[in-house]
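The values are calculated or read from the model by the stated rules, or taken from the named source; none is laboratory data. Keep in mind that this is a model prediction, so the values were computed, not measured. Because the Cβ atoms are built from the backbone with ideal geometry, glycine has one as well, and the counts that use them run over all protein chains shown.
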Amino acid sequence: MLVTSAASLLVPLLSWLSGDKPSNALTHDPPSLQFELRHLHAVSANSAHVMFSDVFPQALTSLAAMNDSTGSTKATYTVGTRKTKTFRPSSFAAHARARLRSMRFGENEWLDWGEDEITSPDVESRASLLELAKMTNNAYVEPDDPAWYDLEGKWNITYPFGWEPESDGFRGHVFATPDNSTIVISIKGTSAGLFGSGGVTAKKDKLNDNLLFSCCCARVDWTWTTVCGCYRGGWKCDQSCVEDALAVESLFYPIGTNLYNNVSYMYPHANVWMIGHSLGGALASLVGVTFGLPVIAFESPGERLAATRLHLPSPPSTHHVTHVYHTADPIAMGTCNGVLSSCALGGYALETACHIGKSIVYDTVSDADWTVDVRTHGIVNVIEKLLADPWPPSQEAGREVPEAKVEEDCTECYSWEFGDFPA
């Protein structure tokens, strides 16, 4: 009996050491999905309606000529996946009622959250984050722009959709797997000379930045013109007023929920992911929390305060939201504030620091001797300096990327007093 017991222990051990893993061990890589560009989405000037239009053949021909002398267009993205638990409201109507009751009466309404296990991006895979970062970057440009990141594969344009270069607001791309089982919605971040290339969206981007990420209507000091009328002197801010300002239909969060509703109508059986950079990452997170969608947000300012002000009902967990940023970026770190900061000099009051969900933080200051500088905020730095090559501190820990962690004991806007301060 003793010999039999010993053998039963030694055989699996020897098999493992020899390279033959037991049949119940994980013997294959997580499944990957391939995504193709399907749609460009945009909101035209003075409108809150999401519009769709075609990617014209001449744009694809131009892209093919730039990328490959053989004429094959490279634009397929391969992303590793894993299973993730998420929580979805019983219905968006119930979610909206709960928000409305909280905003009007300050009362919490019980909301039925359904737990679901879904396929989401593999946030522990450097290659997967790199692909998603490239997809995120491409929301800033048209497919025939030299800044477009090229990957292997061929375009498969099968649906009409909309994007107007003269549009002055919300913009991005929609990607899909060939079988339409998984959709990725990317949202463009801030376009401004301070953070990258400028453009026609810069004015409305700045308005949303200053509403979502300032403590009180972008009141930095007495020289600033506020973006809403909620400042009450000293360090006082009227809470109801600033909440109402964020809920205006022309601002980006309501447009984001409309975008998701449109896409989910087009693909009623699809699993939807949200991605974005900077302002786009924060908006992706807010929409993802609303609908229980997996989110990857790159270099996003803290959006937790905005979620509170929007009265988003809190699900049992927000771990399906993942932020990726580094310590040399003062915007993501919440340190680009004060009268003499780079952000303030550019007209931005980016004062929030706390993020929803979990955060993958690259300590570029300590581990790579980066200097804290607003110019490190761009998505290209993430692509070419953080994700393009293995990150040594993570390798030493036996990982591909830093561990995703919840931000605990995070404080912001501690100098301000928020309450009922009528004008």
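Values for this structure:
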item	result
Segment 60-95 - residue that is in contact with a strand residue (DSSP E or B) (Cβ under 9 Å, 6 or more places away or on another chain) and among the charged types (D, E, K, R) and, of those, modelled with the lowest pLDDT	88
Qualifying residue in segment 271-278 (condition: touching a helix residue (DSSP H, G or I) at 6+ places or on another chain (Cβ under 8 Å) and polar (S, T, N, Q))	yes
Residue within segment 270-277 that is in contact (Cβ under 8 Å) with a residue 60 or more places away in the chain and closer than 14 Å to residue 212 by Cα present	no
Any hit, segment 298-314, residues being at positive phi and among the small types (Gly, Ala, Ser)	no
Hey, residue 318 closer than 30 Å to residue 102 by Cα, in contact (Cβ under 8 Å) with a residue 24 or more places away in the chain and among the hydroxyl-bearing types (Ser, Thr, Tyr) or not	yes
Single residue of 356, 296 found to be surrounded by 24 or more Cβ atoms within 10 Å (Cβ to Cβ), at pLDDT 95 or above, assigned to a loop (DSSP other than H, G, I, E, B) and out of contact with any Gly (no Cβ under 7 Å at 6 or more places or on another chain)	356
Conditions (1) at pLDDT 85 or above; (2) assigned to a loop (DSSP other than H, G, I, E, B); number of the one not met by residue 272	(2)
Any hit, segment 391-404, residues being of a type outside the set (Phe, Trp, Tyr) and assigned to a strand (DSSP E or B)	no
Filtered residue count, segment 299-309, keeping only those that are surrounded by fewer than 24 Cβ atoms within 10 Å (Cβ to Cβ) and not hydrophobic (A, V, I, L, M, F, W, C)	3
Unmet criterion (only one of (1) buried (at least 24 other Cβ atoms within 10 Å of the Cβ); (2) under 17 Å from the mean Cα position of the chain (by Cα)) for residue 218	(2)
Segment 412-422, residues that are on the phi < 0 side of the Ramachandran plot, surrounded by 13 or more Cβ atoms within 10 Å (Cβ to Cβ), more than 22 Å from the chain's Cα centre (by Cα) and assigned to a loop (DSSP other than H, G, I, E, B)	416, 421
Residue match in segment 206-214 (condition: surrounded by fewer than 21 Cβ atoms within 10 Å (Cβ to Cβ) and either modelled with pLDDT under 85 or more than 20 Å from residue 321 (Cβ to Cβ) (or both))	yes
Given (1) at pLDDT 65 or above; (2) surrounded by 14 or more Cβ atoms within 10 Å (Cβ to Cβ); (3) aromatic (Phe, Trp, Tyr), number of the condition residue 52 does not satisfy	(1)
Index of the failed condition, residue 323 passing every other in (1) farther than 18 Å from residue 136 by Cα; (2) in a strand (DSSP E or B); (3) of a type outside the set (Ser, Thr, Tyr)	(1)
Qualifying residue in segment 368-381 (condition: of a type outside the set (S, T, N, Q) and touching a Leu at 6+ places or on another chain (Cβ under 6 Å))	no
Residue list for segment 205-244, restricted to those being touching a Phe, Trp or Tyr at 6+ places or on another chain (Cβ under 8 Å) and charged (D, E, K, R)	206, 209, 219, 232, 236, 238
Test: residue in segment 276-293 that is outside any strand (DSSP E or B), of a type in the set (A, V, I, L, M), modelled with pLDDT of 90 or more and surrounded by fewer than 21 Cβ atoms within 10 Å (Cβ to Cβ)	no
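Residues are listed down the side, and each one gets a yes or a no for (1) within 22 Å of residue 131 (Cβ to Cβ); (2) crowded, with 16+ Cβ neighbours inside 10 Å:
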position: 369; (1), (2): no, no
position: 377; (1), (2): yes, yes
position: 384; (1), (2): yes, no
position: 401; (1), (2): yes, yes
position: 406; (1), (2): no, no
position: 410; (1), (2): no, no
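Each row is one residue, and each column tells you yes or no for (1) β-branched (Val, Ile, Thr); (2) within 30 Å of residue 413 (Cα to Cα); (3) at pLDDT below 80; (4) out of contact with any strand residue (DSSP E or B) (no Cβ under 9 Å at 6 or more places or on another chain).
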{"position": "142", "(1), (2), (3), (4)": "no, no, yes, no"}
{"position": "145", "(1), (2), (3), (4)": "no, no, yes, yes"}
{"position": "158", "(1), (2), (3), (4)": "yes, no, yes, no"}
{"position": "162", "(1), (2), (3), (4)": "no, no, yes, no"}
{"position": "172", "(1), (2), (3), (4)": "no, no, no, no"}
{"position": "193", "(1), (2), (3), (4)": "no, yes, yes, yes"}
{"position": "197", "(1), (2), (3), (4)": "no, yes, yes, yes"}
{"position": "230", "(1), (2), (3), (4)": "no, yes, no, no"}
{"position": "235", "(1), (2), (3), (4)": "no, yes, no, no"}
